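Every number here is computed from the coordinates shown, using simple stated rules; none is lab data. Every value quoted in this text rests on a predicted model; they were computed, and no experiment measured them. Don't worry about glycine lacking a Cβ; one is built from the backbone with ideal geometry, like all the others, and counts go over all protein chains shown.
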Amino acid sequence: MALVGSIHVDIGWQLPDLTLMDVDERLMSLHSQMGEHGLLVAFTCNHCPYAVAVWPRLIRHAAAIREMGVHTVAVNPNIHPDYPADSLGAMQQKKIEWAIDFPYLADDTQSAAKLFEAQCTPDIYLFDANGGLFYHGRIDDDWKDESNVMCNELMDAIERLVAGDTPPQPQYPTIGCSIKWLDEINDSD
């Protein structure tokens, strides 16, 4: 699992009009999930240790920000034959096991990850109510041990968004396992 960081995406970049399948095999558009104040899109998966470490925070934050008018969706771009822990069936199990109460979507063609230029799991994007990118960065300053967190950047960004402030600066990239690109399956042969 190669460690990579997210890449810069310009503030104001527009949320693409994408429809993905959720774990219950229902089609769901990203735009239909927009809250009154915005939408948090988290590219993540079930097997990456970085993603697994922040899932509890993501689930907890999603509940808190829903009350603030910001909805959450998680998108799994790692539907890959070499990673059965990220299959649709495994996603269904994790949704129950972890009590994920927001849509967990399968990006089985990786079209969403490519449009977003997502690089790793997790890769976090916060959009305002008009679909403009407000924040693209890490959840906080210690992915590994939540007890060491000194700066909760995602929640700070959401509070600024809801208050009508400008996007926070700087925005630090998230780090995680590289996305398991389908077009690279045969590259290792």
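How high is the relative contact order of the stretch 108-177? Use alpha-carbon pairs under 8 Å, at least six apart in sequence, and give a whole percent. Please list the in-between numbers first.
Numbers: 87 pairs, mean separation 23.4, N = 70.
That works out to 33 percent.
Give me the percent relative contact order of the stretch 3-180, please, defined on Cα pairs under 8 angstrom at least 6 residues apart. Write out the running numbers ahead of the final one.
Values: 379 pairs, mean separation 56.7, N = 178.
Normalised by residue count, the contact order of the stretch 3-180 is 32 percent.
Potential lengthening of the chain between Cys151 and Asp24 amounts to 42.2 nm, from the contour at 0.36 nm per residue minus the alpha-carbon distance.
Helix 153-163 and the longest principal axis of the Cα set of the chain meet at an angle near 50°. Only helical DSSP H runs with n ≥ 4 go in: add -39500 (n - 2.57) per run for the chain, normalise by residue count and round the 222 nm mean residue ellipticity to 500 deg cm²/dmol. Theoretical 222 nm ellipticity from helices: -7500 deg cm²/dmol. Taking chymotrypsin sites (Phe, Trp or Tyr not before Pro) in DSSP loop states with no more than 16 other Cβ atoms inside 10 Å as exposed sites, the chain has its longest site-free stretch at 14-97.
For Ala106, what is the net charge nearby, where nearby means another residue's Cβ is under 13 Å from its Cβ and Lys, Arg count +1, Asp, Glu -1? Walk me through the numbers on the way to the answer.
On the way: positive: Arg26, Lys94, Lys95; negative: Asp22, Asp24, Glu25, Asp86, Asp107, Asp108.
That works out to -3.
Counting DSSP beta bridges with both partners in the chain, what percentage is antiparallel, nearest 5? Around 70 percent of the beta bridges assigned by DSSP in the chain are antiparallel ones. The distance separating the Cα centre of the stretch 1-63 from that of the stretch 96-157 comes to 5 Å. Across the options Ser111, Tyr50, Ile96, the greatest Cα extent toward the positive end of the charge dipole of the chain (unit charges at beta carbon of Lys, Arg, Asp, Glu) belongs to Ile96.
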